[in-house]
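Have a look at the structure below, then the notes.
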Amino acid sequence: MTIALLAALLIAPSAEAYTMMQNDYGASLYWRQMPIKIAINPENPYGLSDDEVEDAVLTAAETWEAVGAAIEFEYLGFTDTAEMGFDQENVVFFTDQWEQGDSKAAMTYNWTTEDGAIVSFDVGINSENYEWTTDELDPVMDIENVMAHELGHVLGLGHSDIDDLATMWESTSPGELIKRSLRPDDENGLLANYGADVPMGLACSSSGSSSGSALGWLVGLSSAGLCLQRRRRDV
Ligand SMILES: [Zn+2]
């Protein structure tokens with residue numbers, strides 16, 4: 001009986017913890033066309049070199065690529081752009097003009113078509129309220145750690161509901177490095193969105209969205225922040 005019960009437990013379907021972001025039309029977000037172009041504005045007030053910032057962001061992108069899902073980033077190099085906007089340029093940038101609330105360490109905006117196809121994104125990193133580093137021994141916000149999370153949003157993933165070690169868990173803290181490495185739940189979410197014949201996950205209830213028309217596109221703007229937890233920060 002014990003063996004039978006154990007077997008049953010092992011094969012029992014587990015609850016899906018990953019979620020997909022949705023736009024306000026209820027469509028799950030995904031990229032219809034690859035590669036996903038990305039540019040970096042490395043300007044920062046922490047004395048980090050352009051190469052250090054670039055390496056942290058691209059390493060996070062490569063972490064997602066390594067899953068083996070049908071995704072690919074194309075790095076376009078540095079840019080001077082340092083603001084959110086539906087401008088066909090997908091930028092990661094620091095900003096000390098943070099308007100998303102001081103509980104949020106970083107924010108991803110995805111612009112999508114009505115049916116959920118992502119056409120543009122920007123990732124803002126809050127340099128008004130937080131200090132950032134690429135040094136894993138430095139107990140402040142780690143760029144690669146948080147960028148792994150934000151690039152999950154860029155790929156259309158919402159927050160993991162149950163795995164607090166997941167890259168897509170909803171909060172972070174200074175000195176945290178665990179989001180640099182994906183958990184099976186993160187990988188399953190990516191494969192569900194880009195692998196073949198895998199059902200979509202549940203909607204991310206913590207995503208906000210609005211819609212409008214810009215540059216002739218009918219777009220939905222979806223943003224993902226994190227719920228504030230004591231002594232932890234949203235990403
Ligand atoms: Zn998030």
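Kindly give Rg over Rh for region 1-160, based on alpha-carbon atoms, with the Kirkwood expression for the hydrodynamic radius.
Over the Cα atoms of region 1-160, Rg/Rh equals 1.06.
Listed highest first by mean packing, meaning other Cβ atoms within 10 Å per residue, what order do 28-37, 75-84 come in? Please list the in-between numbers first.
Details: 28-37: 17.1, 75-84: 14.2.
Averaged packing, sorted descending, gives the order 28-37, 75-84.
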Region 21-73 - Rg over Rh from alpha carbon coordinates, Kirkwood radius: 1.10
Mean projected area in nm² (Cα convex hull; one quarter of hull surface) for region 98-159: 4.8
Relative packing of 108-116, 171-179, which averages over residues the other C-beta atoms within 10 Å, highest first: 108-116, 171-179
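Every number in this text was worked out from the coordinates using simple rules, so none of it is lab data. As the structure is a prediction and not an experimental result, all values here were calculated from the model. All Cβ positions, glycine included, derive from the backbone under ideal geometry; neighbour counts span all protein chains shown.
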